[in-house]
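Below: the structure, in structure tokens.
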Amino acid sequence: MNSPLESTALFHLGPVAVTAGVVVTWVIMAILTLGAIAATRRLSLTPGRLQSVLELVVDVVDSQIRDTMRAEPGPFRAFIGTLFLFILVANWSSLVPGVEPPTAHVETDAALALLVFFAIIYFGIQAGGVRGYLATFAAPNAIMIPLNLVESLTRTFSLIVRLFGNVMSGVFVIGIVMSLAGLLVPIPLIALDLLTGAVQAYIFATLAMVFIAGTAGEAGGEAASPTERTSP
Amino acid sequence: MTINWWTLGLQAVNVLILIWLLSRFFWRPISAIIDQRRTAAATLLSDAQAARTQAADALADIERVRAGFAQERADILKAAQEAAEQARATLLAQAEADAEAVRAAARDTLDQERQAAARTWRDHAGRLAVDIAGKLLAGMDGTGMGDAFLTRLVGEISALPPDARAQAANGAALTACTATALPTAERERYRQRIVEALGRPATIDFTVDPALLAGLELRGPHLAITNSWRADLARILQEISHDDRP
């Protein structure tokens with residue numbers, strides 16, 4: 001069994017080492033994209049079973065965005081929804097024998113958290129401009145600037161650690177149990193890992209929404225912030 | 001534990017690409033179809049509401065028209081009833097007037113016919129009376145009756161004004177007409193009595209006219225005294241006729 005803390009390069013594209021996580025990510029991307037293309041090819045006003053399920057997914061994401069961010073879901077839907085779907089599928093990819101989920105490697109989690117970090121900045125500037133966004137660091141007063149700067153970094157880091165720790169630990173435990181107890185014993189743990197993967201995807205997407213909404217709300221100068229400023 | 005920065009960068013790019021791809025092929029089409037359905041549902045609801053409002057308006061219009069129909073029907077019935085009553089009264093009055101006119105015309109016709117019949121029967125009766133009188137006179141004594149007519153003629157002459165008597169007997173020839181021929185002695189007696197009544201001498205000739213039935217009439221250029229049954233019967237008939245006329 002390979003250590004989940006190490007990424008093994010499958011091949012190299014020039015100086016770039018392509019790891020197994022990257023390849024699995026590409027496969028997930030292909031599956032999601034092709035599946036989306038196939039599923040949305042024949043949309044109609046009277047939906048079939050598959051279209052109803054897809055619309056349910058979109059509707060749930062929209063309602064979560066509305067409830068959490070107190071904003072119209074249009075600008076955030078693709079980012080938040082894709083994060084959730086990708087993390088969920090990536091977490092559950094561990095069900096395929098011989099496949100390690102990309103989220104069990106810290107580079108993928110760091111990439112996701114980095115995207116959230118830049119999304120916070122993007123939506124913050126979009127809501128209140130550069131001045132408005134920078135002013136959020138001085139809230140409630142200038143003394144809080146260092147703490148807010150540290151917070152913006154630490155909450156991103158917390159995203160990395162939370163997702164990486166949960167997924168990696170699940171894979172690690174299941175790997176150890178499988179190596180010790182054979183075929184059937186790890187099944188409950190696999191089920192638990194599925195639940196953990198779904199919960200972590202939900203938590204990651206929800207925290208991303210909370211961070212973006214908090215920053216965008218403060219930058220936009222809303223009197224009542226849509227969400228409490230959440231510490232990581 | 002080491003971080004492969006190339007992998008980190010690749011994964012970031014991968015996720016960004018995936019965000020774009022899913023946005024292009026999943027989120028946007030699904031949300032678009034949801035919005036489209038919502039819009040269609042809203043349009044349908046709006047149309048249904050509009051149709052409902054329109055139907056309610058149409059129903060109200062129908063109710064108004066129906067109420068108008070009922071009112072109009074009542075008015076028409078009332079007007080028709082009044083017109084029928086008026087026409088009935090007019091027809092009754094007209095019928096009564098016509099019936100009265102017919103009755104009056106019938107009465108007039110009956111009266112005229114009755115009067116005509118009465119005249120006819122009266123004429124017949126008069127002629128029958130004359131015939132009967134003539135037949136009766138034919139068997140009667142002419143002397144006594146002739147004296148009676150002579151006496152009445154003398155009375156008539158005496159009743160004339162003196163100037164009229166004088167003018168009548170002033171040299172003119174007078175004619176005494178009888179129904180039957182008189183004997184000579186009787187003629188002389190009659191002439192004497194007439195002259196005495198005239199109060200001066202006069203020339204009197206005697207003629208016979210059976211149409212007189214009975215009597216003695218005196219005629220002259222300035223005198224005409226009718227004194228016969230023919231004249232009496234004619235007068236009586238005339239009087240009867242005058243009495244019968246309305």
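The values are calculated or read from the model by the stated rules, or taken from the named source; none is laboratory data. Because the structure is a prediction, the values reported are computed rather than measured. Glycine gets a Cβ as well: all are built from the backbone with ideal geometry, and neighbour counts include every protein chain shown. Ligands, DNA and RNA are stripped out before the accessible areas are found, and what is left, the full protein with its side chains, is counted by its heavy atoms. Shrake-Rupley method; radii C 1.70, N 1.55, O 1.52, S 1.80 Å.
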* Asked: Among the residues of region A:24-52, which ones are of a type in the set (A, V, I, L, M, F, W, C), open to solvent by less than 80 Å² (accessible area, probe 1.4 Å) and either at the interface with chain B (Cβ under 7 Å from one of its Cβ atoms) or in contact with a helix residue (DSSP H, G or I) (Cβ under 9 Å, 6 or more places away or on another chain) (or both)?
  -> A:Val24, A:Val27, A:Ile28, A:Met29, A:Leu32, A:Ala36, A:Ile37, A:Ala39, A:Leu43, A:Leu45
* Is it fair to say B:Ala117 is farther than 22 Å from B:Pro210 by Cβ and either surrounded by 11 or more Cβ atoms within 10 Å (Cβ to Cβ) or not aromatic (Phe, Trp, Tyr) (or both)? -> yes
* **From the options B:Leu16, B:Leu44, residue that is within 14 Å of another protein chain (Cβ to nearest Cβ) and surrounded by 14 or more Cβ atoms within 10 Å (Cβ to Cβ)** => B:Leu16
* To do: Evaluate the following for B:Ala51: is it farther than 30 Å from A:Val23 by Cβ, more than 14 Å from chain A (Cβ to nearest Cβ), assigned to a helix (DSSP H, G or I) and open to solvent by 30 Å² or more (accessible area, probe 1.4 Å)?
  => yes
* Structure fact -> Among B:Gln94, B:Gln115, the single one that is touching a residue at least 12 places away in the same chain (Cβ under 8 Å), of a type outside the set (A, V, I, L, M) and assigned to a helix (DSSP H, G or I) is B:Gln115
* Scope region A:43-60; condition under 12 Å from B:Phe26 (Cα atoms) and outside any helix (DSSP H, G or I); matching residues -> A:Leu43
* To do: Inspect region B:4-22 for any residue being of a type in the set (Phe, Trp, Tyr), assigned to a helix (DSSP H, G or I) and in contact with a strand residue (DSSP E or B) (Cβ under 9 Å, 6 or more places away or on another chain) and give the result as yes or no.
  => yes
* **Complete set of residues in region B:1-13 that are among the polar types (S, T, N, Q) and within 7 Å of another protein chain (Cβ to nearest Cβ)** => B:Asn4, B:Thr7, B:Gln11
* To do: Output the residues belonging to region B:135-162 that are modelled with pLDDT of 85 or more, among the aliphatic types (A, V, I, L, M) and part of a loop (DSSP other than H, G, I, E, B).
  => B:Leu160
* Scan region A:3-20 residue by residue and report those that are at the interface with another protein chain (Cβ under 7 Å from one of its Cβ atoms) and either assigned to a strand (DSSP E or B) or modelled with pLDDT of 90 or more (or both). => A:Val16, A:Ala17, A:Thr19
* To do: Answer with yes or no whether B:Ser31 is hydroxyl-bearing (Ser, Thr, Tyr) and within 29 Å of A:Ile28 (Cβ to Cβ).
  => yes
* In region A:128-176, which residues are touching a helix residue (DSSP H, G or I) at 6+ places or on another chain (Cβ under 7 Å), more than 23 Å from A:Ala111 (Cβ to Cβ) and of a type in the set (S, T, N, Q)? -> A:Thr136, A:Asn148
* Structure fact -> Checked against (1) among the polar types (S, T, N, Q); (2) closer than 14 Å to B:Glu196 by Cβ; (3) touching a residue at least 12 places away in the same chain (Cβ under 8 Å), B:Thr143 satisfies every condition except (2)
* **Single match in B:Leu59, B:Leu18, B:Leu77, B:Leu45 (criterion: within 30 Å of A:Val161 (Cα to Cα) and over 31 Å from the mean Cα position of the chain (by Cα))** => B:Leu18
